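Worksheet for the structure shown next.
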Amino acid sequence: MSRRCFLILLLTGIFVGAGEWCRAESLDPTMGPLSTTIPQASSISFSRDVVPALTRAGCNAGVCHGSFQGRGGLQLSLLGFDAAFDHEVLTKGSRGRRVTVAAPQQSLLLLKPTGTVPHGGGRRITHDSEVATILRQWIADGAPAPKPDDLTGLRLTVEPSEITFDTVSRESDDRTVQHRPITVTAAFADGTSRDVTAWALYDVRDKSLADVSRSGVVTAQRPGKTSASVRYLGQVASISVSIPFSARTEFEFPVANSIDQLVVDEWKRLGVVPAPLADDATFVRRVFLDLIGTLPTVSEVRTFLDDPRADKRGRLIDLLLERAEYVDYWSLRWGDLLRVHRRYLGEKGLASFNGWIRQSVRENKPLDKLTRELLTAKGNLFTNGPVAYYFIDEKVEDLAETTSQVFLGVRLQCTKCHHHPNEVWSQQDYYGLAAYFSKLEMKDSGAQGARFGGPKSIRPVAMENPNRKPQMAVAPKVLSATTVVATTATTDSTDPRQQLADWITHRDNPFFARNFANRTWAALLGQGLVEPVDDLRATNPAVMPQLLDALAKELADHQFDVKHLLRFICNSRVYQLAPELRPHRDTDGMLLTHRVPRRLSAEVLLDAINQVAGTTEAFAGQPVGSRAISLPDPSIASLFLTTFGKPARNSPCDCSRSSAPDLSQALHLANSTALHEKIVSPTGRLTSQLKAGRTDDELADEFYLVTLSRLPTADERRVVQETLASGISREEAWQDLLWALLNCAEFAFGH
């Protein structure tokens with residue numbers, strides 16, 4: 001396993017979670033009988049019986065012998081994904097001492113986990129356990145090897161697939177504990193099936209809401225909604241677990257579209273009541289920031305607040321989608337996703353790629369067309385922007401990982417080394433996807449070569465270069481599908497990427513539309529229906545699966561029109577709910593009962609400060625007055641943008657941008673010389689307003705409207721008057737008041 005893959009597993013908690021799987025059977029008081037019938041000696045299968053037994057004992061977990069370096073001289077495949085490898089290691093490794101067919105009881109495979117001889121992992125099983133019985137019978141039967149078709153067509157079924165508990169009181173510790181057993185059935189292609197409930201592995205996304213025992217019993221902990229995952233022999237499934245806050249609740253909530261209806265049904269089922277709609281001042285600030293990354297001006301706020309029309313919110317949404325700032329803001333978001341950066345492309349390549357992205361956003365290019373142009377790009381980088389996709393990632397493995405993560409929302413990095421521990425993806429899936437990019441070559445078309453600034457071009461080639469080792473030993477293959485491209489293509493016109501683009505962008509693709517629907521929802525509401533947004537898998541289901549499916553269908557039905565989906569979401573009443581700082585229920589906002597405040601992104605916040613102060617930013621190499629959201633890449637130095645989490649664009653992961661508030665950011669605003677200079681600027685807003693002879697009431701209205709998009713409250717007006725009467729000069733008092741507004745959480749957060 002590569003260091004990169006090891007770090008990915010470690011950071012995603014695989015090694016931590018594996019520790020739960022390594023507990024010895026005898027130490028688990030909740031575990032009942034493992035199975036009703038132990039397979040007879042003649043029917044013991046290495047793949048179907050021995051591997052699950054080793055997994056049950058924790059032998060092949062990530063913290064034990066399943067780690068990339070093994071333990072105690074024994075290395076097994078992680079969770080038994082490679083049965084043939086495991087069989088050879090156990091029967092032939094260590095000079096054959098691990099398995100003694102003539103004397104099964106003397107096999108190290110039994111002596112060590114039972115604690116008969118010293119074992120670094122301690123006692124994993126007891127002599128009379130079913131795991132020991134299976135291992136003993138398999139050895140006595142001659143330790144037969146796995147058959148190639150043992151797991152062919154394996155399907156996992158979990159009943160029930162959705163569990164809804166009775167109401168659980170949060171205020172009382174003497175509540176009745178509720179349990180719900182589940183049944184896991186494995187069906188094989190040969191027509192056989194078995195109850196594998198006791199042999200499966202379980203986990204719960206949020207253990208504070210529910211827990212699941214090793215014997216498959218789900219226990220409610222407190223109100224909320226989560227999911228439990230089930231793993232068995234490389235197959236995965238998930239169970240929705242709901243614990244209502246109260247009995248089914250009825251309330252009035254007029255729906256604007258299907259989003260509202262789906263969410264209302266869920267609220268009523270879980271016994272929660274939503275927040276009221278946001279007032280006009282909150283809405284106008286929210287929708288400006290979400291759609292164009294820009295604060296509304298004072299006149300725009302006043303115009304909207306004074307508009308008496310009932311449909312003014314929908315009208316404003318339509319206007320914003322046609323604003324020039326829309327192109328800047330959404331080009332910035334695409335730049336993050338596609339990692340637009342001059343370190344990969346040079347100055348001319350950067351201009352070409354950034355120009356293509358901006359033009360695509362400006363003309364509202366459908367997502368399927370945009371994706372196809374990227375995946376099938378060829379020609380000169382300087383004249384065809386999307387060719388840059390193949391300059392950012394040049395290795396076929398990296399291209400496979402990026403393509404899957406960006407366009408499908410599927411993380412395949414783990415499968416480069418082994419079967420995905422949380423999904424059905426295998427190494428065959430990984431290298432099958434990578435094979436689509438194995439027939440490409442770079443051609444230097446510049447007079448001095450790309451190293452000195454000349455352009456490169458990319459073109460597909462039909463055959464591998466005979467002078468180098470083929471990069472892939474497998475044929476192109478899409479996820480969860482059979483081979484779709486012949487391995488003996490001989491014509492120059494053959495380009496496997498065309499078939500890949502066809503599959504990815506097809507309206508019935510189970511990933512493409514859901515991926516971008518989830519990303520769009522997260523962009524508007526601050527968190528996806530699936531989190532992380534680029535980790536769509538069976539063991540990480542959407543918090544509201546029906547809603548995600550509906551959004552994906554809406555996107556596909558309207559020819560992958562991004563503006564249509566943005567409009568559709570923003571017009572829903574769910575999007576327009578008021579924020580809550582201290583919600584009594586649904587505290588993390590995953591049930592969508594209220595708006596969760598989130599810190600403005602680095603570029604948006606810097607532009608907002610300049611807009612309020614009436615100043616501009618001097619970015620090196622950029623025209624005077626350039627806004628942060630229009631910068632082509634993050635290489636342009638800015639202490640503010642770095643402090644507030646601008647991404648380095650070195651990873652396609654959505655997590656590369658940080659929006660989490662921290663102390664350094666608060667100190668930067670509170671003690672920033674640059675911010676002070678903006679406030680006191682002789683050409684800034686404050687100086688201009690004071691010179692214009694505005695009254696204090698007029699100034700209060702002006703600065704509250706420009707920062708918070710609302711008028712000051714009575715208490716805030718009182719604070720203004722107290723500050724003005726504190727004995728300092730009027731100019732200093734207003735400088736302090738403007739500084740306070742720019743430092744308040746209501747300004748730095750979208751809500």
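What follows draws every value from the coordinates through simple rules; no lab data is involved. What you are looking at is a predicted structure, and each value in this text was computed from that prediction instead of being measured. With ideal geometry, Cβ positions are generated from the backbone for all residues, glycine too; neighbour counts draw on all protein chains shown.
Data table
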read-out: Rg [Å, one decimal], Dmax [Å, integer] - the range 155-243, C-alpha atoms; value: 14.0, 52
read-out: Added length on full extension, which subtracts the Cα-Cα distance from 0.36 nm per residue, Ser664 to Glu702; value: 10.7 nm
read-out: Footprinting exposure proxy for Phe516, Phe188, Phe640 (fewest neighbouring C-beta atoms within 10 Å first); value: Phe188, Phe640, Phe516
read-out: Pairwise FRET efficiency - Ala84 versus His119, Cβ, R0 = 30 Å, nearest 0.05; value: 0.75
read-out: Helical contribution to [θ] at 222 nm, DSSP H n ≥ 4, -39,500 (n - 2.57), averaged over the chain, rounded to 500; value: -11000 deg cm²/dmol
read-out: Contour excess over end-to-end distance, with Cα ends at Arg302 and Ala189 and 0.36 nm allotted per residue; value: 33.9 nm
read-out: Cleavage-rule hits, chymotrypsin sites (Phe, Trp or Tyr not before Pro), the range 643-751, DSSP coil, Cβ neighbours within 10 Å at most 12; value: none
read-out: Linear extension gain, His676 paired with Ala740, 0.36 nm per residue minus alpha-carbon span; value: 21.9 nm
read-out: Positive-pole candidate from Pro579, Gln735, Cys653, dipole of the chain, charges at beta carbon; value: Cys653
read-out: Calculated FRET efficiency for the pair Ala103/Arg309, C-beta based, R₀ 51 Å, to 0.05; value: 0.05
read-out: Trypsin sites (Lys or Arg not before Pro) within the range 173-259, DSSP loop, no more than 16 other Cβ atoms inside 10 Å; value: Arg175, Lys207, Arg248
read-out: Gln546 paired with Glu347, simple spin-label distance in nm, labels 7 Å along Cα-to-beta-carbon; value: 5.8
read-out: Helix axis angle, 730-743 relative to the chain longest principal axis, alpha carbon, degrees; value: 20
read-out: Beta bridges by DSSP in the range 155-243, antiparallel share as percent, to the nearest 5; value: 90
read-out: Relative contact order of the chain, defined on C-alpha pairs under 8 angstrom at six or more residues apart (%); value: 11
read-out: Charge dipole of the chain about the Cα centre (unit charges at C-beta), most positive-ward option of Trp521, Cys570, Pro274; value: Trp521
read-out: Entry for volume of the Cα convex hull per residue in Å³ (calculated from the structure that is shown) out of (1) 199; (2) 146; (3) 223; value: (1)
read-out: Computed E for Glu394/Ala620 - FRET, C-beta separation, R0 41 angstrom, nearest 0.05; value: 0.90
read-out: Within the chain: Cβ-based charge dipole about Cα centre, in debye rounded to nearest 20 (Lys, Arg +1; Asp, Glu -1); value: 2040
read-out: Exposure proxy ranking, count of Cβ atoms within 10 Å, fewest first, for Val101, Val410, Val217, Val424; value: Val101, Val217, Val424, Val410
read-out: In degrees, nearest ten, helix 280-292 long axis to first principal axis of the chain (Cα); value: 60
read-out: Inter-probe distance in nm under a simple model that places probes 7 Å from Cα toward Cβ, at Asp444 and Trp334; value: 3.2
read-out: Residues of type lysines that Lys691 reaches as a straight line, Cα spacing below 26 Å, ignoring anything fewer than 8 places off in the same chain; value: Lys678
read-out: Nearest-ten-degree value, helix 496-505 long axis tilted from longest Cα axis of the chain; value: 70
